[in-house]
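As structure tokens, the structure follows; a few thoughts come after it.
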Amino acid sequence: MNITLYAKMLKVHAKSISSYAIGSALYLLLIIGIYPSIADAPGLNELMESMPESFLAAFGMEGGFQHVSDFIAGEYYGLLYVVILSIFCLMTASQLMARHIDRGSMAYILATPNSRKKIAFTQALVLITGLLIIGLTTALAGVIGTEILIEDKPFEAMTFMNVNLVGILLFFVISGYSFLFSSMLNDERQALGLSGLLTIVFYGMDLVGKMSDKLDWMVHLSLFSTFRPVEIARGSVDVWPTATFLFLLGTVLYAVAILIFSKRDLPL
């Protein structure tokens, strides 16, 4: 790793990282803040029981919202969290590699006495650092927020942290293939477009597969099938096999990206 380049790139992306982290934390605190009024609303669970099972299954709400952790997992981690982290991973990955190649500034970085592998590894570490900052800030906001805003409601901190662990590792993989495309392509828009398209396809397959019995096979082809926030929050999922798989897959994607960048021809 090149410390100078790492510090410089973190400084460049500090505003973006902090914006995503603060935004994610505030959204989560808002969800936590409205839970007491939702939980005490008469007939809520009866209303949910009247909804189609496929719709409830698609968003992990089959069992209602008996606990605050169920509500947070379903209302925040099931959608908003996915959107926020996806945008961060796609945008930042394309900016760290493809943008520099596209605009010619990568030539100046390569002119320093550092190998291509070291430069690519450093850029990857900047992306991973940003992801960790956002993920850990969100998790901390959830723990502190429930402690302050929720009274006399059961909250399992350990299962909540498991949701965050699997969520961070899911986006470790998404950032991995986004970084791979960014390292392979010369055009920033192409890298961003391919990464975004693949992410949308994965999410769409997961959503459609959960809503249709005839297309339930699509769930197994989707990366998002590894992230079941409500089930994890209820403690009904063994997270460690999934966490191990996601960690290894993400590591392989980053390693391949660094290797490809180190050997490819770059435009002058």
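The values are calculated or read from the model by the stated rules, or taken from the named source; none is laboratory data. Since we're looking at a predicted model, the values are computed, not measured. Positions of Cβ are backbone-derived with ideal geometry, glycine not excepted, and every protein chain shown enters the neighbour counts. Keep in mind that these areas ignore ligands, DNA and RNA; they rest on the heavy atoms of the full protein, side chains included. Shrake-Rupley method; radii C 1.70, N 1.55, O 1.52, S 1.80 Å.
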**Prompt:** Which members of the range 77-112 meet the condition of being under 13 Å from the mean Cα position of the chain (by Cα) and open to solvent by 50 Å² or more (accessible area, probe 1.4 Å)?
**Reply:** Leu79, Leu80, Val83, Ile87, Met91
**Fill in**
When (1) within 25 Å of Met106 (Cβ to Cβ); (2) outside any helix (DSSP H, G or I) are applied to Phe155, the one that fails is (1)
**Spans of helices (runs of 4 or more DSSP H) in the range 69-129 with at least 2 residues among the β-branched types (Val, Ile, Thr) and under 23 Å from Ser225 (Cα atoms)** = 80-96
**Prompt:** Arg189 fails exactly one of the following numbered conditions: (1) of a type in the set (Lys, Arg); (2) in contact with a helix residue (DSSP H, G or I) (Cβ under 7 Å, 6 or more places away or on another chain); (3) surrounded by fewer than 22 Cβ atoms within 10 Å (Cβ to Cβ). What is the number of that condition?
**Reply:** (2)
**Prompt:** Just wondering, is there one or more residues in the range 211-231 that are open to solvent by 40 Å² or more (accessible area, probe 1.4 Å), under 15 Å from Asn162 (Cα atoms) and either touching a residue at least 12 places away in the same chain (Cβ under 8 Å) or aromatic (Phe, Trp, Tyr) (or both)?
**Reply:** yes
**Asked** Which one of the conditions (1) at pLDDT 90 or above; (2) in contact with a Pro (Cβ under 8 Å, 6 or more places away or on another chain) does Leu149 fail to meet, given that it meets all the rest?
**Response** (1)
**All positions within the range 220-237 that are closer than 20 Å to Ala139 by Cα and either part of a helix (DSSP H, G or I) or touching a Pro at 6+ places or on another chain (Cβ under 8 Å) (or both)** = Phe224, Thr226, Pro229, Val230, Glu231, Ile232, Ala233
**Asked** Just a yes or no: is a residue in the range 168-176 assigned to a helix (DSSP H, G or I) and open to solvent by 50 Å² or more (accessible area, probe 1.4 Å)?
**Response** no
**Prompt:** Residues in the range 56-72: is at least one within 18 Å of the chain's Cα centre (by Cα), at pLDDT 80 or above and open to solvent by less than 40 Å² (accessible area, probe 1.4 Å)?
**Reply:** yes
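A quick yes/no check of all residues on (1) in contact (Cβ under 8 Å) with a residue 12 or more places away in the chain; (2) open to solvent by 40 Å² or more (accessible area, probe 1.4 Å):
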| position | (1), (2) |
| --- | --- |
| Ser178 | yes, no |
| Ser182 | yes, no |
| Ile200 | no, yes |
| Tyr203 | yes, yes |
| Val208 | no, yes |
**Prompt:** What residue, of Lys214, Lys210, is of a type in the set (D, E, K, R) and assigned to a helix (DSSP H, G or I)?
**Reply:** Lys210
